[in-house]
Amino acid sequence: MSLVELQQEFMDQVLTDGRTLPCGWDARMAAGLDIYRNAYRSTMVEALRETFPKTALWAGDHAFSQAAAHHVITHPPCGWTLDLVGEGFTETLAGLFANDPDVADLAWLEWAMHLAFTARDCVALDAAGFAAATSSYGEADWAALRLAFLPSLFSREIGSDCIALWRALADEEPPASARSLEEPAACLVWREGLIPVFRLTETLEARGLGVMITGGSFGDLCVALQAAVPGDDVAKTAGTMLGKWLADGHILKVV
Amino acid sequence: MTGIARFHGFGLGLRRPHYDDFICGGAPVDFVEVISENYMVEGGKPLSVLDAVRAHYPVAMHGVSLSVGSAHGTDRDYLARLKVLAARIEPLWISDHLCWTRTSAHNSHDLLPLPYTAEALDVVCANLSAAQDFLGREMLLENPSSYLAFPENEMAEWEFMAEVCRRTGCFLLLDVNNIHVSAQNHGFRALDYLGGLPLERVRQIHLAGHAPGEIVIDTHDREVCDDVWRLYAAAMKLVGPVATMIERDDAIPPLADLLIELATARDLAASAERHVA
């Protein structure tokens, strides 16, 4: 067996239960392989538990462990960093807890905070900088305005108040059930200094933010708002959003 | 490349429960070892903590994901990030393990064992040389603990390590606990292992605890045992003054407990020095 073949076989043995041993690998080899297989599984599940501690608390230890084991089997890690072990776990939980969407909402919040925690350090554009960058703008320039946002900014539309749930779990006073939102809403996560923070907002703002994060212009933002906002208020609503993003330190630069 | 100077000191790993002690420079150690991958990030608190610690202590970078034994070669993205971190903190040295962690498709995030064959030796030497060339410095290679031995083996682990040193010019991180664990699991004499290595290339020693059993497991979750202390004393007589570090990755106790263990290492190293003199 070549080294490539041996390593492929060994990895398959680690990732999979009940695989037949190659010729010449005896019971002693099997016992050793069990140790590597168990170490791999427990490392992955513990990494998920450390990344999603409040989701684990909310889902319950047994249910979380089963979900984590399922995720490790269906999404074996590819990259060199254990930091990304939680990639796709929100979607896994959404499938496994289809009747409890609060579990996936909470997991998304923890994952976004995890990513924000080590996102690139950047200095946000402040109001004075923005004013300087746009001081000569005419109407056409405003319509074409495009922005770059900080890499620590994330948003998602949610069906449950995962922020209230996160805070309750942080206080170790978990509620009996998650609070559904009366109106559809969204959650924004970003980092202030070294600390990930979050806020609840309307889906309209999240969708507007999505337009501009993905490269849309201020004009595109206004078009996106037209369906939900009376015509005269579109520019004012978009301007208010822009002011909020500046104040919260979401904007990196005018591009 | 310029080689790696000896550094005689006693250190601990930087672990989250002890951040405050190291950030303020209050922990009485000579150097700090960090898990490289924990700080190979874009920004945020981990790098902020590391910068603060580096202001007070020399730092050794210890990796777990180089995968020097991978038949699929080195990972350029990984090496690029490792190099960026090294430029930032100017470490004493960069170390990783004689093992492999990934195939072309998957990563085990565990230190998997190599067959000690001529083919594997060629692969390790090619990968390590490529890594050292990319980083512009020699590395330290750590002997692993292992729980199985391949029927394909053509040489002893220490012979394999010695040949890697000879071909690549790398230095050694001697994990005394790993020698003890593997000696128990594979039935060789720990002193034979030591005797087969080019000990003049050792720059650091690791000490740790393990879980006894039919197969001994390198757990890093308890105190260093008496057998490992005895082997450390023997090793220090042969190696001479180098850096020694206590590795604790699980069930992490208060810093004071680790400092007591480190004091034992200091005493044993001093006795070894007197013995040699």
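The values are calculated or read from the model by the stated rules, or taken from the named source; none is laboratory data. Small disclaimer: the values here were computed from a predicted structure and weren't measured. A quick note on method: Cβ atoms are made from the backbone with ideal geometry, for glycine too, and the neighbour counts reach across all protein chains shown.
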Odd one out for residue B:19, checked against (1) among the hydroxyl-bearing types (Ser, Thr, Tyr); (2) closer than 20 Å to residue B:262 by Cα; (3) away from chain A (no Cβ under 14 Å): (3)
Residue that is part of a loop (DSSP other than H, G, I, E, B), within 14 Å of another protein chain (Cβ to nearest Cβ), in contact with a strand residue (DSSP E or B) (Cβ under 9 Å, 6 or more places away or on another chain) and under 20 Å from residue B:202 (Cα atoms), where the choices are B:66, B:92: B:66
Matching residues, segment A:168-214, being basic (Lys, Arg) and closer than 26 Å to residue A:121 by Cα: A:191, A:199, A:207
Subset of segment B:57-75 (residues that are free of Cβ contacts under 8 Å to residues at least 40 places away in the same chain and more than 21 Å from residue B:249 (Cβ to Cβ)): B:72, B:75
Sole exception among (1) in contact with a Gly (Cβ under 9 Å, 6 or more places away or on another chain); (2) within 14 Å of chain B (Cβ to nearest Cβ); (3) closer than 24 Å to residue A:163 by Cβ for residue A:86, by number: (1)
From B:136, B:73, residue being of a type outside the set (S, T, N, Q) and within 12 Å of chain A (Cβ to nearest Cβ): B:73
Enumeration of residues in segment B:1-41 that are more than 20 Å from residue B:137 (Cα to Cα), charged (D, E, K, R) and surrounded by 15 or more Cβ atoms within 10 Å (Cβ to Cβ): B:15, B:21, B:30
Candidate set: segment A:162-187, residues that are under 17 Å from the mean Cα position of the chain (by Cα) and without any contact (Cβ under 8 Å) to a residue 40 or more places away in the chain; chosen: the one nearest to the other protein chains (Cβ to nearest Cβ): A:186
Qualifying position, being in a helix (DSSP H, G or I), modelled with pLDDT of 95 or more and closer than 23 Å to residue B:159 by Cα, among B:128, B:114, B:79: B:128
Segment A:21-58, subset under 22 Å from residue A:69 (Cβ atoms) and more than 36 Å from the chain's Cα centre (by Cα), residue nearest to the other protein chains (Cβ to nearest Cβ): A:32
Residues located in segment A:202-252, provided they are surrounded by 16 or more Cβ atoms within 10 Å (Cβ to Cβ) and part of a strand (DSSP E or B): A:251, A:252
Search result, residues across segment B:139-160 that are in contact with a helix residue (DSSP H, G or I) (Cβ under 9 Å, 6 or more places away or on another chain) and either within 10 Å of chain A (Cβ to nearest Cβ) or assigned to a helix (DSSP H, G or I) (or both): B:146, B:147, B:148, B:149, B:150, B:151, B:152, B:157, B:158, B:160
